Amino acid sequence: MTLTGRFVALLALGVVPIVILGSTPGMATAVLGLWVLALVGLGILDLGQAGSPRKIVLSRSMPSRVRLGESVTSDLYLTNTGGRRLTMVVRDAWQPSAGTGNNRTPLVLPPGERRLVSLRMTPTRRGERRVDQVTVRSFGPLGLWARQATLRAPGQIRVLPPFNSRKHLPSRMTRLKELDGRTSLLVRGQGTEFDSIREYVRGDDVRSIDWRATARHNDVMVRTWRPERDRRVVILIDSGRTSAARIDDEPRLDTAFEASLLLAALAAGAGDHVDFIAYDRRVRGRVQGAQGAELLSRMVDTMALIEPELIETDWSAVPGEVRAVTSRRALVVLITSIDAAGASSALLSVLPQLTRRNTVIVASVTDPTTLEATRPRGNREEIYRAAAAERALLDVARVSAAIRRQGAEVVTGSPADLPPALADRYIALKAAGRL
């Protein structure tokens with residue numbers, strides 16, 4: 001049972017007799033007592049006329065997945081199995097990060113009928129957004145007292161990474177197709193494989209002439225080549241404590257997901273095999289053996305449930321994780337933080353094991369506000385801030401140089417720039433025949 005605001009307002013009117021009859025306290029107290037008793041009596045009568053909220057049967061209908069930033073509708077059906085008309089307010093108790101806004105809905109439900117309550121949801125966080133209960137408050141005809149019950153109506157929706165970087169995919173796929181046999185290469189080299197034979201045209205390299213095909217066709221024929229397919233790409237994301245830092249109002253981990261999805265879509269389109277691992281001291285998520293549309297579907301499903309762990313990443317186990325995925329030469333992409341030399345020492349110590357047999361890229365997101373802080377130097381505070389920013393940039397440069405000395409590539413960029421920059425580096429390595 002609950003009291004409504006209307007009952008409290010009427011109860012507060014009992015102050016009026018005390019003010020008017022202040023000179024006769026006994027009379028004022030008697031009037032106030034009668035007023036309270038009358039209101040309590042009306043409240044009990046009102047409560048007796050209110051329908052029971054426990055006579056409601058609940059059911060849900062909603063999609064199982066939605067991308068972060070998109071909206072979806074959650075439908076809640078209420079069926080009145082009792083014999084009284086219900087005038088009520090329904091509160092669908094979703095988590096705040098589900099983005100339901102005002103989740104209290106007034107409703108009138110006659111006996112034996114069903115009504116639909118729809119909520120527009122725009123989730124603000126990745127992961128599983130859940131709801132377990134629905135609270136129903138049923139009012140009497142006077143609206144003084146109400147019956148309230150909390151009913152179980154479990155539901156959940158998985159909020160997937162937004163994959164905003166997919167806008168870069170068409171242009172990168174076009175560039176990749178130019179390397180992948182749509183525009184055939186005439187020069188054979190490392191990282192290329194035979195594509196086709198066609199007729200010689202002026203300007204072709206005479207070293208590409210296939211003399212046996214020329215003899216069969218009675219015309220000069222040349223061989224064309226394309227970058228090798230069926231390469232292995234292993235994407236390993238650091239989900240340790242440094243991935244929890246927020247840059248441009250986005251965790252480093254979410255930026256790593258964006259870069260991974262763009263690279264995976266691009267590599268899958270090029271015919272390469274992509275494997276994904278999220279790791280700190282144990283594997284938090286893994287996707288292996290998927291191809292085509294299934295690859296991205298499994299990756300976003302896996303990523304949705306991964307959150308940063310506030311522990312130090314065990315880099316010594318990373319080479320073993322890569323070897324467990326493939327024993328062949330592969331492109332290994334490590335997405336982590338390279339902000340400070342001390343924090344990156346463990347990464348630097350294992351790079352020789354990875355670069356001995358693989359092509360390695362270390363990708364890291366950088367904070368654009370750090371670069372902006374180096375420019376204003378009008379007062380003492382700005383000078384100190386600029387000095388600290390310069391120190392941070394020098395640390396990144398030192399670690400990047402150390403990584404390159406170990407034989408790995410380095411890709412850095414802001415949250416908006418890192419995914420396309422990583423895709424461009426992949427295309428460059430593909431064109432150079434280094435995969």
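The values are calculated or read from the model by the stated rules, or taken from the named source; none is laboratory data. Remember, it's a predicted structure, so these values are computed and weren't measured experimentally. Don't worry about glycine lacking a Cβ; one is built from the backbone with ideal geometry, like all the others, and counts go over all protein chains shown. Surface areas here come from the heavy atoms of the whole protein model, side chains and all, with no ligands, DNA or RNA. Shrake-Rupley method; radii C 1.70, N 1.55, O 1.52, S 1.80 Å.
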For region 249-278, give me the residue count where each residue is more than 12 Å from the chain's Cα centre (by Cα), open to solvent by 10 Å² or more (accessible area, probe 1.4 Å) and touching a residue at least 12 places away in the same chain (Cβ under 8 Å). 5
Residues satisfying the stated conditions in region 68-103, i.e. among the charged types (D, E, K, R), in contact (Cβ under 8 Å) with a residue 40 or more places away in the chain and surrounded by fewer than 16 Cβ atoms within 10 Å (Cβ to Cβ): GLU70, ASP75
Boolean, ARG137 is charged (D, E, K, R) and either in contact with a strand residue (DSSP E or B) (Cβ under 7 Å, 6 or more places away or on another chain) or closer than 30 Å to ALA38 by Cβ (or both): yes
Mind listing just one residue for me: the one in region 414-435 that is outside any helix (DSSP H, G or I) and open to solvent by 10 Å² or more (accessible area, probe 1.4 Å) and, of those, modelled with the lowest pLDDT? LEU435
Within the bounds of region 350-365, is there any residue that is farther than 22 Å from LEU253 by Cα, among the β-branched types (Val, Ile, Thr) and modelled with pLDDT of 90 or more? yes
Report whether or not ALA293 is open to solvent by 70 Å² or more (accessible area, probe 1.4 Å) and of a type in the set (Gly, Ala, Ser). yes
Exactly one condition in (1) assigned to a loop (DSSP other than H, G, I, E, B); (2) within 22 Å of LEU261 (Cβ to Cβ); (3) modelled with pLDDT of 80 or more; (4) open to solvent by less than 80 Å² (accessible area, probe 1.4 Å) is false for ASP230; which is it? (3)
Among (1) within 56 Å of the chain's Cα centre (by Cα); (2) modelled with pLDDT under 95 - the single one LEU32 does not satisfy: (1)
Reported set for region 394-404 where residues are within 24 Å of ASP254 (Cα to Cα) and surrounded by 15 or more Cβ atoms within 10 Å (Cβ to Cβ) is ASP395, VAL396, VAL399, SER400, ILE403
Tabulated pairs, region 359-386, first open to solvent by 20 Å² or more (accessible area, probe 1.4 Å), second modelled with pLDDT of 90 or more and among the polar types (S, T, N, Q), C-beta under 7 angstrom, 6+ apart or interchain: THR366/THR412; THR366/SER414; PRO368/SER414
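Rundown of residues vs (1) among the aliphatic types (A, V, I, L, M); (2) out of contact with any strand residue (DSSP E or B) (no Cβ under 6 Å at 6 or more places or on another chain), yes/no style:
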position: VAL274; (1), (2): yes, no
position: ASP280; (1), (2): no, yes
position: GLU294; (1), (2): no, yes
position: SER297; (1), (2): no, yes
position: THR313; (1), (2): no, no
position: GLY342; (1), (2): no, yes
position: VAL350; (1), (2): yes, yes
position: ARG357; (1), (2): no, yes
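Every residue, every condition in (1) farther than 26 Å from ARG126 by Cα; (2) of a type in the set (A, V, I, L, M); (3) open to solvent by 50 Å² or more (accessible area, probe 1.4 Å), yes or no:
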site: ILE311; (1), (2), (3): no, yes, yes
site: SER316; (1), (2), (3): yes, no, yes
site: GLY320; (1), (2), (3): yes, no, no
site: ALA330; (1), (2), (3): yes, yes, no
site: VAL333; (1), (2), (3): no, yes, no
site: SER337; (1), (2), (3): no, no, no
site: LEU351; (1), (2), (3): yes, yes, no
site: GLU390; (1), (2), (3): yes, no, yes
Any hit, region 55-65, residues being farther than 21 Å from ARG147 by Cα, among the hydrophobic types (A, V, I, L, M, F, W, C) and in contact (Cβ under 8 Å) with a residue 60 or more places away in the chain: yes
Within region 233-244, restricting to residues that are hydroxyl-bearing (Ser, Thr, Tyr) and assigned to a helix (DSSP H, G or I), the one that is most open to solvent (accessible area, probe 1.4 Å) is THR242
Unique residue being open to solvent by less than 30 Å² (accessible area, probe 1.4 Å), touching a helix residue (DSSP H, G or I) at 6+ places or on another chain (Cβ under 8 Å), among the small types (Gly, Ala, Ser) and over 29 Å from GLY41 (Cα atoms) when the list is GLY127, GLY143: GLY127
Residue check for ALA343: within 23 Å of ASP254 (Cα to Cα), open to solvent by 60 Å² or more (accessible area, probe 1.4 Å) and among the small types (Gly, Ala, Ser): no
Where the second residue is among the β-branched types (Val, Ile, Thr) and assigned to a helix (DSSP H, G or I) and the first is within 12 Å of LEU334 (Cβ to Cβ) and lies in region 402-415, which pairs have Cβ atoms under 7 Å and are six or more apart or on separate chains? GLN406/THR355; ALA408/THR355; VAL410/ILE403
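Listed here are the residues, each with its yes/no results for (1) part of a loop (DSSP other than H, G, I, E, B); (2) over 38 Å from the mean Cα position of the chain (by Cα); (3) surrounded by fewer than 13 Cβ atoms within 10 Å (Cβ to Cβ); (4) at pLDDT 75 or above.
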site: VAL159; (1), (2), (3), (4): no, no, no, yes
site: ARG166; (1), (2), (3), (4): no, no, no, yes
site: LYS177; (1), (2), (3), (4): no, no, no, yes
site: GLY181; (1), (2), (3), (4): yes, no, no, no
site: GLY189; (1), (2), (3), (4): yes, yes, yes, no
site: GLY203; (1), (2), (3), (4): yes, yes, yes, no
site: ARG207; (1), (2), (3), (4): no, yes, yes, yes
site: THR214; (1), (2), (3), (4): no, yes, no, yes
